[in-house]
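Report on one structure; see the data block that follows.
The values are calculated or read from the model by the stated rules, or taken from the named source; none is laboratory data. Here the structure is a predicted model, which is why all the values come from computation and not from measurement. In this analysis, Cβ positions are derived from the backbone assuming ideal geometry, glycine residues included, and neighbour counts consider all displayed protein chains. Note: accessible area is taken over every heavy atom of the protein model, side chains too, but ligands, DNA and RNA are not part of it. Shrake-Rupley method; radii C 1.70, N 1.55, O 1.52, S 1.80 Å.
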Amino acid sequence: MTEIIAAVFSWFIFILGLSYLLQAENWVRMAEYAPDRPHRYYPMLLFILLLGLIIVLVHNIWVWDWPVLITIFGWLIVTKAILYLLATSLMSELAGIMMRGSLTGWVRGWGVVMAALGAILVYKTGLGRFY
């Protein structure tokens, strides 16, 4: 089961990174609405929480090897979703801070990092195949 979680999450990070890289303007446009309408992001936050909880509960592997990256991401995702769901004003404040700078460049930069990390994890998980 942990192999399935690792493969799904690896592809998720890879594809999300490519989306950040290629569609940065759309992600920035979406973030512009966060300060005024944070409730619109609850469905996405619930999905993120669910994804993080699945990773944490099924793939909670703490070894000094590549699977620990997925575990760490899982805990970060759970923490982020809980903070945003329980402190909605925090989401609005963070979005406001991010909008002051050149957010498109940051989104693209994170896209490169996430796509590269996702590609490495996809490779490490056997491209989704299990032997």
For this session: Of all residues in the stretch 73-87, count the ones that are within 19 Å of Ala7 (Cα to Cα) and open to solvent by 70 Å² or more (accessible area, probe 1.4 Å).
Result: 2
Seminar exercise, completed: Residue pairs qualifying under the 7 Å Cβ cut-off, at least six apart or on distinct chains, with the first in the stretch 56-69 being modelled with pLDDT under 85 and the second being open to solvent by 50 Å² or more (accessible area, probe 1.4 Å) and part of a helix (DSSP H, G or I), are Trp66/Lys124
Exercise. Does at least one position in the stretch 19-41 carry a residue that is touching a Leu at 6+ places or on another chain (Cβ under 8 Å), aromatic (Phe, Trp, Tyr) and closer than 19 Å to Val107 by Cα?
Worked result: no
